[in-house]
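Asker: Sending over a structure as structure tokens; questions will come in a sec.
The values are calculated or read from the model by the stated rules, or taken from the named source; none is laboratory data. The shown structure was predicted, so the numbers you read here are calculated from the model rather than taken from an experiment. Counting neighbours? That spans all protein chains shown, and the Cβs are built from the backbone with ideal geometry, glycine included. These area figures cover heavy atoms from the full protein model, side chains too; ligands, DNA and RNA do not enter into them. Shrake-Rupley method; radii C 1.70, N 1.55, O 1.52, S 1.80 Å.
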Amino acid sequence: MFRVVWRCLAIIIGAATLAAAPLRAQNAEQKPAERGKGEPAKDAAGPTDEVIEAGRVMTGPAARGECVWLGERAVRLMWNDDLDTAFRHLELYDRFGCPGEHVQISFRCVVRQGNIDQKDQKTPNAFESRVHSCWMNPALSPVPPSQPAPVEKPATK
């Protein structure tokens, strides 16, 4: 009798959880009006152009559109220390038959390039363009660190 009560309770809780999951997913999405408040608007044609460019320049499975899109996102997420989401993207990346080694060497390229100085940033999407350039050519040479300008000391009399 005790087992029957626990089974019924587990079924009821499971059903309630499954019924509430779509409601939470619908509420988690941002509305178009809210999207412009906290996030910069992205050009809809931008990622498509990058994927087409990768297909023209590169060869092999890493040049396929789904591999470029998922791979670059995974590299960006790893750089931002969002490893859980990055691993979910990598699972999809593997499922599409994309080469895992390309993600590794692209991430290595991004790491070798170093941090982007926010003050000297010439374009708002400098990091995204760095990830894309490392995806296209992972053998990019590291950028030498910029030396700060020497500060002149006033002469004392």
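Asker: Of the residues Glu128, Glu72, Glu66, only one is of a type in the set (D, E, K, R), surrounded by 13 or more Cβ atoms within 10 Å (Cβ to Cβ) and touching a residue at least 60 places away in the same chain (Cβ under 8 Å); which? Before you say what the answer is, go through the steps one by one.
Answerer: On the way: Glu128 fails: touching a residue at least 60 places away in the same chain (Cβ under 8 Å); Glu66 fails: touching a residue at least 60 places away in the same chain (Cβ under 8 Å).
Of the residues listed, the single one that is of a type in the set (D, E, K, R), surrounded by 13 or more Cβ atoms within 10 Å (Cβ to Cβ) and touching a residue at least 60 places away in the same chain (Cβ under 8 Å) is Glu72.
Condition check ((1) assigned to a loop (DSSP other than H, G, I, E, B); (2) touching a His at 6+ places or on another chain (Cβ under 9 Å); (3) modelled with pLDDT under 85; (4) over 27 Å from Gly114 (Cβ atoms)) across all residues:
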| residue | (1), (2), (3), (4) |
| --- | --- |
| Ala25 | no, no, yes, yes |
| Gly36 | no, no, yes, yes |
| Asp49 | no, no, yes, no |
| Ala54 | no, yes, yes, no |
| Leu70 | no, yes, no, no |
| Arg73 | no, yes, no, no |
| Tyr93 | no, no, no, no |
| Gly97 | yes, no, no, yes |
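Asker: Also: Would a scan of the stretch 100-112 turn up a residue that is within 22 Å of Asn137 (Cβ to Cβ), of a type in the set (Ser, Thr, Tyr), open to solvent by less than 40 Å² (accessible area, probe 1.4 Å) and modelled with pLDDT of 70 or more? Walk me through how you get there before you give the answer.
Answerer: To start, the set of residues in the stretch 100-112 that are within 22 Å of Asn137 (Cβ to Cβ) comprises 100-112.
Filter again for of a type in the set (Ser, Thr, Tyr), leaving 106.
Remaining after also requiring open to solvent by less than 40 Å² (accessible area, probe 1.4 Å): 106.
From the residues that got through so far, the ones that are modelled with pLDDT of 70 or more too are 106.
Looking for residues that are within 22 Å of Asn137 (Cβ to Cβ), of a type in the set (Ser, Thr, Tyr), open to solvent by less than 40 Å² (accessible area, probe 1.4 Å) and modelled with pLDDT of 70 or more, one finds at least one in the stretch 100-112, hence yes.
Asker: Considering only the stretch 122-157, state which residues are acidic (Asp, Glu) and at pLDDT 85 or above. Working first, answer last.
Answerer: Taking the stretch 122-157 and keeping what is acidic (Asp, Glu), we get 128, 152.
Selection gives Glu128 alone.
Asker: Next up: Mind listing whichever residues of the stretch 95-119 are under 20 Å from Asp81 (Cα atoms) and not hydrophobic (A, V, I, L, M, F, W, C)? Don't jump to the end; show me each part of the working.
Answerer: Taking the stretch 95-119 first, the residues under 20 Å from Asp81 (Cα atoms) are 100-118.
Gly100, Glu101, His102, Gln104, Ser106, Arg108, Arg112, Gln113, Gly114, Asn115, Asp117, Gln118 - these are the residues of the stretch 95-119 that are under 20 Å from Asp81 (Cα atoms) and not hydrophobic (A, V, I, L, M, F, W, C).
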